[in-house]
1. Would you be able to tell me the number of residues in the stretch 181-201 that are among the aliphatic types (A, V, I, L, M), surrounded by fewer than 19 Cβ atoms within 10 Å (Cβ to Cβ) and farther than 13 Å from Val165 by Cα?
2. What tally of residues in the stretch 12-42 results from selecting those that are among the polar types (S, T, N, Q), within 26 Å of the chain's Cα centre (by Cα) and farther than 20 Å from Lys83 by Cβ?
3. Give just the number: which of (1) closer than 30 Å to Met195 by Cβ; (2) among the β-branched types (Val, Ile, Thr); (3) without any contact (Cβ under 8 Å) to a residue 24 or more places away in the chain; (4) surrounded by fewer than 19 Cβ atoms within 10 Å (Cβ to Cβ) does Thr6 not satisfy?
4. How many residues does the stretch 32-57 hold that are in a strand (DSSP E or B) and crowded, with 18+ Cβ neighbours inside 10 Å?
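FYI, it's all coordinate maths here, none of it is from the lab. On a predicted model such as this, the values are computed, not experimentally measured, just so you know. Please note: Cβ atoms are built from the backbone with ideal geometry, for glycine as well, and neighbour counts cover all protein chains shown.
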Amino acid sequence: MKHKYTYIVIEDVELQRENLIELLNTRLGLALIDSFENAEDAYNFLANEDNPRPDLIFLDIEMPGASGFNLLDAARRFCLSAKVIITTAFAEYAIKGYEYNISGYLLKPIEHEKLNLAIDKAIGSLQHSEIEGPAPVKGHILIKEKGKWVKVNYDEILYCEGANVDVKVVTVNSSYLTRDRVKNMVELLPTEAFMRIHDSFIINLDYVKSFAGNYTFVELTHQAGAELHRLRIGPKYRDAFRERMKERWEE
C-alpha cells in the first residue's frame, strides 16, 4: 500500500482554495502536488506526461472559462485511476456529478467530517485497486478504415505503428490501417495505459512482457498460445519508458 496519496486542487476562489488545502494538510497520508485556479491550467498540467499523476482530484464545478465537468471530459484519459471529489456551492450538479463516477460531492462551506468521509471512500477504492491490480483501461476510439468507421476498445489495442501518413493499429484479434499520424493517435489514447516509445510506435503498457536494451517485447496471451511482438524503443523515449515500467511493476 502507498504511504502517501497525492492530490491536486482546482478552485477559482483563492481563499476557498487555501482553506481546502489547509484542511487537507491536517490529514496524514496526503501530499499536495499542485493547485490551480482554472480548468485550463489543470488540463495543461494533466496533459503533460512528465508531471506526476494525482491519486485524488478536488474539483470545483463553476469556474471562469471551462467548468469542472469540461475538465473531466477533456482530461479524464490522462488520469483514469484518480478519484474525483467535487467541491461546489451548488447542489443541483450532484446527479450529473455521479454520472462521472465521482467519489464524493461536497457542498461549500466544506465540513471537515464530510471531507474526511469522502477521502476515506476514495482511498478505500484506491487500495482495493492496488490489491486487485490495475484493471484494463476502459473506453474506445473510432478508426476509419476503407471508408468505414470501426470501434476499437482501448484494452484490445496492443500497439500502433506509424508508416508515412498511415497508422497500423494492432489489436488482440485483428489489425487496422487508418490514414493518420502517430502524433495524432497519441492524443486519442489515454496516457495511463499508452505511451509513445519510438517516433513510429505507441504501446499499450498493459501488454508489455519484458524489455531489454533497445527493444520491448509485447506478449499477447490467448487460447491458442502466445504471440510475441518485438518493438524498438527510441533513444529519446528510453529513460521515460523504463521509469514508467519500473513504477508499474513495483506497484
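1. First pass over the stretch 181-201, keeping only residues among the aliphatic types (A, V, I, L, M): 182, 185-186, 188-189, 193, 195, 197.
Now narrow it down to the ones that are surrounded by fewer than 19 Cβ atoms within 10 Å (Cβ to Cβ): 182, 186, 188.
Retained after the next criterion (residues that are farther than 13 Å from Val165 by Cα): 186, 188.
Selection size over the stretch 181-201: 2.
2. Here is the first cut: in the stretch 12-42, the residues among the polar types (S, T, N, Q) are 16, 19, 25-26, 35, 38.
Filter again for within 26 Å of the chain's Cα centre (by Cα), leaving 25, 35, 38.
Next cut, farther than 20 Å from Lys83 by Cβ only: 38.
So the answer is 1.
3. Every listed condition holds for Thr6 apart from (3).
4. Going residue by residue through the stretch 32-57, those that are in a strand (DSSP E or B) are 32-36, 56-57.
Next, from what is left, pick out any that are crowded, with 18+ Cβ neighbours inside 10 Å: 35-36, 56-57.
Number of matching residues: 4.
Residue-wise test of (1) surrounded by fewer than 15 Cβ atoms within 10 Å (Cβ to Cβ); (2) of a type outside the set (A, V, I, L, M, F, W, C); (3) more than 28 Å from Phe241 (Cβ to Cβ); (4) touching a Cys at 6+ places or on another chain (Cβ under 7 Å).
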| position | (1), (2), (3), (4) |
| --- | --- |
| Leu59 | no, no, yes, no |
| Cys79 | no, no, no, no |
| Gly104 | no, yes, yes, no |
| Lys108 | no, yes, yes, no |
